[in-house]
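The values are calculated or read from the model by the stated rules, or taken from the named source; none is laboratory data. This structure is a prediction, so every number in the text was calculated from the model and none was measured. Because the Cβ atoms are built from the backbone with ideal geometry, glycine has one as well, and the counts that use them run over all protein chains shown. Keep in mind that these areas ignore ligands, DNA and RNA; they rest on the heavy atoms of the full protein, side chains included. Shrake-Rupley method; radii C 1.70, N 1.55, O 1.52, S 1.80 Å.
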Amino acid sequence: MERAGEMMAVQGIGVQTKEVIDDACPELGFRLLKEAGFSHVDFSLNDYMRNTDIYKMKNSHFFDKSLAELEAFFQPHKQAAAKMGITIGQMHMPYPAYVPQGNDELNRYLWEEMAPKSMQLCKFFACPYIVIHGFKLTYFLGAEEREWAEMERFIHYLASMAREMGITICIENLYGSQNGHMVEGPCCNVDKAVERIDRINEQYGAEVLGFCFDTGHANLIGLDFEYFLTRLGHRLKVLHIHDNDGRLDLHQIPFTFTRTRENASSTDWEGFICGLRNIGYQGVLSFETAPVLTAFPDEMKADALKFIHKIGQYFATRISV
């Protein structure tokens, strides 16, 4: 808690490793991030088994490797981050971890190979938080409560491991699509999220479950940023900060899109700032803006990263007021 006379400050500013870190020479990418000003990264483990492939029932088989082989593969990344003084503060598990109406072989692989090895890699990187996606099953099961029951089964599958490793699994507000319209997906009811997080953590006697607030997803379905963040309180552990036009999940730089010719932002950034300020957020301001880096020419990548970091500094200043 903040003591009288102290000004709260965020822990740091982070960004995805995706589109920055090259497996052939991770140090170059981490140096680029350091020079742009970043202190933290969101390690994009989901880049090694991509959702676009999973939904097509394609398996990269990346997690066929033993834990020792995976650790050897990522050792240069870990060393490069340490050398550059960058903390791997959060990680994204590949998703989905379950494909509705998918084949049993792939779904079994996601649970039995991908998920536990992702947890072990999170520990290897000494990363405290790993984000998972909820199962989009309401359409198939007919009720959000039944959808959550399946998701909770997955959480319990990982929770003992999380407690032992000192890792907090973070659920994330998602969106869905029906008949060409964006609709609420898993974890968009903050009151239910709070109850479920508290109940599960009490059961395990540890913070095995937390929340990742995704600004882009929230904008797509019109969530009340300030209310949602304020209600989450201490349960908010990590952020996915990015912008869109309110129609598609574009993962662009904040303040990019407007709704009117008077340049009113399409995303409620004031609500975002106020919500984080209300709860005294002292975590990392982490940007999920990897697509931006492929939109700009390679020669401008460093400048784009510096600009994203500059926006992080602006948010940090406003939150700390």
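Descriptive notes on the structure:
- Criterion: charged (D, E, K, R), assigned to a helix (DSSP H, G or I) and on the phi < 0 side of the Ramachandran plot - qualifying residue of GLU207, GLU145: GLU145
- Number of the exception - ILE273 against (1) surrounded by fewer than 19 Cβ atoms within 10 Å (Cβ to Cβ); (2) closer than 24 Å to GLY89 by Cβ; (3) among the β-branched types (Val, Ile, Thr): (1)
- Positions within segment 117-147 being touching an Asp or Glu at 6+ places or on another chain (Cβ under 7 Å), among the aromatic types (Phe, Trp, Tyr) and buried (at least 20 other Cβ atoms within 10 Å of the Cβ), in sequence order: PHE135
- So ASP249, is it more than 17 Å from the chain's Cα centre (by Cα) and either in contact (Cβ under 8 Å) with a residue 60 or more places away in the chain or farther than 28 Å from VAL208 by Cβ (or both): no
- Lone unmet requirement of (1) open to solvent by less than 20 Å² (accessible area, probe 1.4 Å); (2) in a helix (DSSP H, G or I); (3) under 18 Å from TYR95 (Cα atoms) for GLU113: (1)
- Residues in segment 32-82 that are without any contact (Cβ under 8 Å) to a residue 60 or more places away in the chain, part of a loop (DSSP other than H, G, I, E, B) and farther than 18 Å from HIS240 by Cβ: TYR48, TYR55, LYS56, MET57, LYS58, ASN59, SER60, HIS61, LYS65, SER66.
- Residues that are at pLDDT 95 or above and aliphatic (A, V, I, L, M) were ranked within segment 296-321; the one that is nearest to LEU232 (Cα to Cα) is ILE319.
- Matching entry among PRO76, PRO116 (being in contact with a Pro (Cβ under 6 Å, 6 or more places away or on another chain), more than 22 Å from ASP214 (Cβ to Cβ) and not hydrophobic (A, V, I, L, M, F, W, C)): PRO76
This table checks each residue for (1) more than 19 Å from ALA126 (Cα to Cα); (2) of a type in the set (Ser, Thr, Tyr); (3) open to solvent by less than 60 Å² (accessible area, probe 1.4 Å); (4) touching a strand residue (DSSP E or B) at 6+ places or on another chain (Cβ under 6 Å).
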site	(1), (2), (3), (4)
ALA149	yes, no, yes, no
ILE155	yes, no, yes, no
MET165	no, no, yes, no
ILE169	no, no, yes, yes
SER177	yes, yes, no, no
CYS187	yes, no, yes, yes
ALA206	no, no, yes, no
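- GLU226 touching a Gly at 6+ places or on another chain (Cβ under 6 Å) and not in a strand (DSSP E or B): yes
- For segment 120-137, a tally of residues being without any contact (Cβ under 8 Å) to a residue 40 or more places away in the chain and either closer than 15 Å to ASN201 by Cβ or not in a loop (DSSP other than H, G, I, E, B) (or both) returns 0.
- Residue within segment 160-177 that is closer than 24 Å to ARG247 by Cα and at pLDDT below 95 present: yes
- When the residues of segment 62-110 are filtered to those that are open to solvent by 30 Å² or more (accessible area, probe 1.4 Å) and of a type in the set (Phe, Trp, Tyr), the one that is nearest to GLU150 (Cα to Cα) is TYR98.
- Candidate set from segment 258-295 (those that are over 17 Å from ILE319 (Cα atoms) and assigned to a strand (DSSP E or B)); member that is farthest from the chain's Cα centre (by Cα): THR258
- In segment 83-110, the residues that are closer than 30 Å to ILE13 by Cβ, over 21 Å from the mean Cα position of the chain (by Cα) and assigned to a loop (DSSP other than H, G, I, E, B): MET84, GLY85
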